[in-house]
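The values are calculated or read from the model by the stated rules, or taken from the named source; none is laboratory data. Just so it is clear, the structure is predicted and the values come from calculations on it, not from any experiment. Backbone-built Cβ (ideal geometry, glycine too); neighbour counts: all protein chains shown. The protein model used for the area step is the full one, side chains on, heavy atoms only, and it has no ligands, DNA or RNA in it. Shrake-Rupley method; radii C 1.70, N 1.55, O 1.52, S 1.80 Å.
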Amino acid sequence: MDNLDRITDEILVCAKCPLHRTRINPVPGEGNPNAKIMLIGEAPGANEDRTGRPFCGDAGKVLDELLTVAGLKREEAFIGNILKCRPPNNRDPRIDEIIVCTPYLERQIEIIKPQIICTLGNYATAFILKKFGLKDKILGISRIHGKIFETESSYGKIKIIPMYHPAVAVYNVNMKKVLKKDFEILTGQIGSLR
Ligand code: URA
């Protein structure tokens, strides 16, 4: 049977796309294997590449602040990314990279079985909405952040809540306010977890 450790082991030696040549460390994702809430970002940045841990740089500090707003501890959630390896110079993920890398994320979702997935930014939002049959709901993140999309997964009902990517708030206080409001929406959902 599939399990998170096996997936991590595969990611650590993955050479399915050219990003393995420029990465220092892959970033498989981390957190509670039984998390009810999963947060999905875009791809590792320089700090994550150095440490192998998701959201441990400036955007990670913003995320920690937002998790506090939501009343959620980092170790209660599972935090992952669309791409497990850093694109050079933090460029956008390419479609070929997304195609070969996202089966890892899909397997992680199947094992963790989160009831809520918060997608951070456009790439994670588009991928997850499409994966869960909501392709027609895909719009730019400025149009759908903070909305709650309810749908079915292979293991039951699931809610998808798109958020802006925390990196937008690193230097922009106004965006932090928007993100905090969205994370308060997440808090409102925690009570409905099974
Ligand atoms: N940005 C992301 O999307 N993911 C990380 O892990 C760090 C920064």
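Got at least one residue in region 30-38 being closer than 24 Å to residue 188 by Cα and part of a helix (DSSP H, G or I)? No, region 30-38 contains no residue that is closer than 24 Å to residue 188 by Cα and part of a helix (DSSP H, G or I). Cβ separations smaller than 8 Å between residues 6+ apart or across chains give the following pairs from region 74-98 residues that are without any contact (Cβ under 8 Å) to a residue 24 or more places away in the chain to residues that are in a loop (DSSP other than H, G, I, E, B): 94/87.
Just one of the listed residues (149, 183) is of a type in the set (Phe, Trp, Tyr), away from the ligand (no atom under 14 Å from the Cβ) and over 18 Å from residue 59 (Cβ atoms), and it is 149. Inside region 123-146, can you point out the residues that are open to solvent by 20 Å² or more (accessible area, probe 1.4 Å), within 16 Å of the ligand (Cβ to nearest atom) and in contact with a Phe, Trp or Tyr (Cβ under 9 Å, 6 or more places away or on another chain)? Result: 145, single match.
Looking across 30, 42, 106, 75, one residue alone is open to solvent by 30 Å² or more (accessible area, probe 1.4 Å), charged (D, E, K, R) and more than 20 Å from residue 119 (Cβ to Cβ). It is 75. Those strands (runs of 3 or more DSSP E) of region 103-192 in which at least 1 residues are among the basic types (Lys, Arg), considering only elements entirely within it, cover 156-163. Output yes when any residue across region 12-23 is within 14 Å of the ligand (Cβ to nearest atom) and closer than 18 Å to residue 128 by Cβ, and no when none is. Scanning region 12-23 turns up no residue that is within 14 Å of the ligand (Cβ to nearest atom) and closer than 18 Å to residue 128 by Cβ. Among the residues of region 24-47, none qualifies, meaning not one is touching a Lys or Arg at 6+ places or on another chain (Cβ under 6 Å), within 13 Å of the ligand (Cβ to nearest atom) and charged (D, E, K, R). Report whether or not residue 53 is without any contact (Cβ under 8 Å) to a residue 40 or more places away in the chain and not in a loop (DSSP other than H, G, I, E, B). Spelling it out, it is not the case that residue 53 is without any contact (Cβ under 8 Å) to a residue 40 or more places away in the chain and not in a loop (DSSP other than H, G, I, E, B). The residues listed here are 90, 172; of these, the one that is at positive phi and of a type outside the set (D, E, K, R) is 90.
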